[in-house]
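Below is one structure, written out as structure tokens, with a few remarks after it.
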Amino acid sequence: MVGRFGAALLMVGGRLRTVAASAETAGRGRVPPQPRSPGATGSRARSLGRQGAQGTVEFALVFGLFLVMLFAIVDAWIWTIESNAADAAVEQGIGVALAAPPGSPTSTQGDVAGVYQSTLPLLRQPMFGTSVDPWKPPLGWPAGTCPDSDYVADHQGVGHVDVCAAEDGAGHVTVAVSGYAYSFIPPGISAFTFRSWGLPIEESASVNAGVYAGP
């Protein structure tokens, strides 16, 4: 009886030693977690911050370039419309100037007053905020001539366009539309901005007839 009990104790003890050895072996194979270095964490944070700042700068540059290109396209589109309107107004003004003043079957002078009445309403709508006025020549201005766009801008500023119908008294009539319309692009950026915030508008035509017939 004692022999059997002792043998059982030996078997239990052997199993316990085997479990303990297995646990020790498993513990030796594991790698304990290493603490993170504060320097590595800070370096990673700085790297992420630099990448975020670089992305913001690149977005601002691309978006700014996009806006400039967009406004340049809008400027070109508006300039085309305004130039076409000025050209149509000059053609209509010349047609009116070829006729004698109302009530006259024939005349040696064209219907200069009728030019303003027909062209001013035609121009004011497509000029997008630019004022359109009849040309008022200063004292001593040469007869039969009209100002160019630079002269109008120098004396009235950008955003003004004048309609001129000049007759020299010898059957020669000039009709001109000149000035600078407003621009969306800041000075020096757009290829169409010859003056500060301005788009040049300049169209003219002349006719020469000794006698004008009435309508």
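Give the residue that is farthest from S204 (Cα to Cα), with candidates limited to residues of region 126-170 that are among the small types (G, A, S) and outside any loop (DSSP other than H, G, I, E, B). So, considering only residues that are among the small types (G, A, S) and outside any loop (DSSP other than H, G, I, E, B), the one farthest from S204 (Cα to Cα) is S131.
Might you check whether a residue that is out of contact with any helix residue (DSSP H, G or I) (no Cβ under 7 Å at 6 or more places or on another chain) and either at pLDDT 90 or above or of a type in the set (V, I, T) (or both) occurs anywhere in region 44-54?
Start the filter on region 44-54 by keeping residues that are out of contact with any helix residue (DSSP H, G or I) (no Cβ under 7 Å at 6 or more places or on another chain), which leaves 44-54.
Checking the rest, the ones that are also either at pLDDT 90 or above or of a type in the set (V, I, T) (or both) come to none.
No - not one qualifying residue is present in region 44-54.
Restricting region 171-184 to residues that are of a type outside the set (F, W, Y) and in a loop (DSSP other than H, G, I, E, B), the residue that is farthest from T80 (Cα to Cα) is G171.
Results for (1) part of a helix (DSSP H, G or I); (2) modelled with pLDDT of 80 or more; (3) in contact with a Leu (Cβ under 9 Å, 6 or more places away or on another chain); (4) under 30 Å from H172 (Cα atoms), shown as yes or no for each residue.
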| position | (1), (2), (3), (4) |
| --- | --- |
| L67 | yes, yes, no, no |
| F71 | yes, yes, no, no |
| D75 | yes, yes, yes, no |
| I78 | yes, yes, yes, no |
| I81 | yes, yes, no, yes |
| N84 | yes, yes, no, yes |
| D87 | yes, yes, no, yes |
| E91 | yes, yes, no, yes |
| V96 | yes, yes, no, yes |
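A quick yes/no check of all residues on (1) at pLDDT 90 or above; (2) surrounded by fewer than 19 Cβ atoms within 10 Å (Cβ to Cβ); (3) farther than 19 Å from L199 by Cα; (4) among the charged types (D, E, K, R):
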{"residue": "A99", "(1), (2), (3), (4)": "no, yes, yes, no"}
{"residue": "R124", "(1), (2), (3), (4)": "no, yes, no, yes"}
{"residue": "W141", "(1), (2), (3), (4)": "yes, yes, yes, no"}
{"residue": "T145", "(1), (2), (3), (4)": "yes, yes, yes, no"}
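Kindly provide the set of residues from region 124-149 that are without any contact (Cβ under 8 Å) to a residue 40 or more places away in the chain and among the acidic types (D, E), ordered by number. Hit for region 124-149 is D133, nothing else.
When D162, D111 are checked against the criterion of being crowded, with 16+ Cβ neighbours inside 10 Å, touching a helix residue (DSSP H, G or I) at 6+ places or on another chain (Cβ under 6 Å) and modelled with pLDDT of 90 or more, D162 stands alone in meeting it.
The values are calculated or read from the model by the stated rules, or taken from the named source; none is laboratory data. This structure is a prediction, so every number in the text was calculated from the model and none was measured. A quick note on method: Cβ atoms are made from the backbone with ideal geometry, for glycine too, and the neighbour counts reach across all protein chains shown.
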